[in-house]
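> Quick one: structure below, then a few questions.
The values are calculated or read from the model by the stated rules, or taken from the named source; none is laboratory data. Computed from a predicted structure; not experimentally measured. A quick note on method: Cβ atoms are made from the backbone with ideal geometry, for glycine too, and the neighbour counts reach across all protein chains shown.
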Amino acid sequence: MENTMTEKTENKLSVAEAQAICLRNNIPFYTYRLPGSHEVIFGAQLSNDTRIFKGFEKHRGEKGFVITPFNHASWSFPFFIKADLSFTDYLTDGESIQNLRNTVFNTPGRIFTKQDCEHFEYLDELRTMIETLKREGMRKAVLSRTITLPCDSLRLAPVIFEQMKQYHHAFLFFAAIPGKCAWMGASPETFLKYDRNGFFTMSLAGTQSVATAKTPPEWSDKDIEEQQIVTDYIHDTLRHYFTRHLDIEGPITLQAGNVFHLCTFFRSDEQLPADQIDELVTQLHPTPAVCGLPKKRAMQIISEIEKQERGYYAGFLGPLQASGAFDLFVNLRTMEVFDDALRLYVGGGITPLSDPETEWQETCQKADTLLNLIRQINYGKVTF
């Protein structure tokens, strides 16, 4: 019986099985599903060298996955996971399956240490941020917090990814570089998409609970202003690169899990050389949707007030093709995977019009997108 099962497994390997092997053997890997697609793409790097992402011009001709931090000036580095092995939905090549099983690296694990922000602490941080915005005449900054779930996370993570498939309009991802970082989520926000048809991006801001919103949703002055700040920033950035054609659609209401957002789409059929693509990415990231405005001062305020280091939360990540095409998304509705815990990251845009308790509730609503999914899985070791 044991030999039969082994033979069967080695002739067909699912994405979940491949993830489990990589987590157990400390192999760098990535998994993703694009919004609206049914195909799940898996890739693994069969070497243990850490590859720093050096920009799209430097990596042209390579296939893999990019994961970058919120703040490039922090201790976190942008990484590139090379696709030495890749497949869609199932791996059916016996030699490749055996090669993956036999690849093992000795890499130290990652154990969570820092504690989460309590309700009263987050309200204090919110009041401090709102007062700072008013005093300095700033329009927006973004505050975030964490929710840590101690659990058998390496066993649980592939199961959670399978459950996330119900979010058809989100970018699903699970990427890990052992000893460095591991993130999984269902992002609603495109950072930048590029292919032979041109470029696409969006401004996403403003949040309402689906459960309590009217039909159609009515947006507050605070939400409308917050979304306009992001839209204006992205528009001002793009118009310097796309001088011939830039199509703008919105704002419209977009549903992401159990919340609504205001969203504006930007499209251009123009092409850019690789060095200008790198320039554009540098100018866009981070947008006011996850940072604030003015950008430099907003990043300083976030660093001063937030309890946790963001790391790769609110950075961008996604697949890069050998053709130079890429699909990058903001690392939102996301969790960091440690050896002994899952840590969810949630945040919200703060303006001088913000109400602290309302902002707290918004983070709870965003967290429920992933928490409700985890609750569907019957694992007694998950506590929250």
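> Consider residue 42 carefully, then state whether it is out of contact with any Cys (no Cβ under 8 Å at 6 or more places or on another chain), surrounded by 22 or more Cβ atoms within 10 Å (Cβ to Cβ) and not aliphatic (A, V, I, L, M). Walk me through it before giving the result.
On the way: out of contact with any Cys (no Cβ under 8 Å at 6 or more places or on another chain): yes; surrounded by 22 or more Cβ atoms within 10 Å (Cβ to Cβ): yes; not aliphatic (A, V, I, L, M): yes.
Here the answer is yes, as residue 42 does meet what is asked.
> If residue 20 meets every condition in (1) in contact with a strand residue (DSSP E or B) (Cβ under 6 Å, 6 or more places away or on another chain); (2) over 30 Å from residue 273 (Cβ atoms) apart from one, which number is that one?
The failed condition is (1).
> For segment 173-186, which residues satisfy the criterion of being crowded, with 22+ Cβ neighbours inside 10 Å and either in contact with a strand residue (DSSP E or B) (Cβ under 6 Å, 6 or more places away or on another chain) or in a strand (DSSP E or B) (or both)?
Residues satisfying the conditions are 173, 174, 175, 176, 177, 182, 183, 184, 185, 186.
> Quick test for you: out of 160, 177, 224, pick the one residue that is under 29 Å from residue 130 (Cα atoms), within 24 Å of the chain's Cα centre (by Cα) and not aromatic (Phe, Trp, Tyr). Lay out the reasoning, then the answer.
Details: 160 fails: under 29 Å from residue 130 (Cα atoms); 177 fails: under 29 Å from residue 130 (Cα atoms).
Step by step, each of 160, 177, 224 is checked, and only 224 is under 29 Å from residue 130 (Cα atoms), within 24 Å of the chain's Cα centre (by Cα) and not aromatic (Phe, Trp, Tyr).
> Right, next: Do you know which of the residues in segment 234-268 that are aromatic (Phe, Trp, Tyr) and touching a helix residue (DSSP H, G or I) at 6+ places or on another chain (Cβ under 8 Å) is nearest to residue 211 (Cα to Cα)?
266
> List, please: which pairs have Cβ atoms under 6 Å, are six or more places apart or on different chains, and start with a residue in segment 255-281 that is closer than 14 Å to residue 56 by Cα and end with one that is in a loop (DSSP other than H, G, I, E, B) and charged (D, E, K, R)?
Close Cβ pairs (under 6 Å, with a partner that is in a loop (DSSP other than H, G, I, E, B) and charged (D, E, K, R)) amount to 274/57; 274/60; 275/57; 278/57.
> Moving to a separate point now. Taking the condition of being within 19 Å of residue 367 (Cα to Cα) and either aliphatic (A, V, I, L, M) or part of a loop (DSSP other than H, G, I, E, B) (or both), how many residues in segment 292-346 meet it?
21
Residue by residue, here is whether (1) closer than 25 Å to residue 54 by Cα; (2) touching an Asp or Glu at 6+ places or on another chain (Cβ under 9 Å); (3) buried (at least 17 other Cβ atoms within 10 Å of the Cβ); (4) at pLDDT 95 or above holds:
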site: 281; (1), (2), (3), (4): yes, no, yes, yes
site: 293; (1), (2), (3), (4): no, yes, yes, no
site: 349; (1), (2), (3), (4): no, yes, yes, no
site: 357; (1), (2), (3), (4): no, no, no, yes
site: 376; (1), (2), (3), (4): no, no, no, no
site: 382; (1), (2), (3), (4): no, yes, yes, no
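Rundown of residues vs (1) modelled with pLDDT of 95 or more; (2) outside any strand (DSSP E or B); (3) on the phi > 0 side of the Ramachandran plot; (4) basic (Lys, Arg), yes/no style:
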{"position": "127", "(1), (2), (3), (4)": "yes, yes, no, yes"}
{"position": "163", "(1), (2), (3), (4)": "no, yes, no, no"}
{"position": "194", "(1), (2), (3), (4)": "yes, no, no, no"}
{"position": "207", "(1), (2), (3), (4)": "no, no, no, no"}
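> Just to verify a result, which residue in segment 20-44, among those that are among the polar types (S, T, N, Q) and more than 19 Å from residue 166 (Cα to Cα), is farthest from the chain's Cα centre (by Cα)?
Among those residues, the one meeting the criterion is 25.
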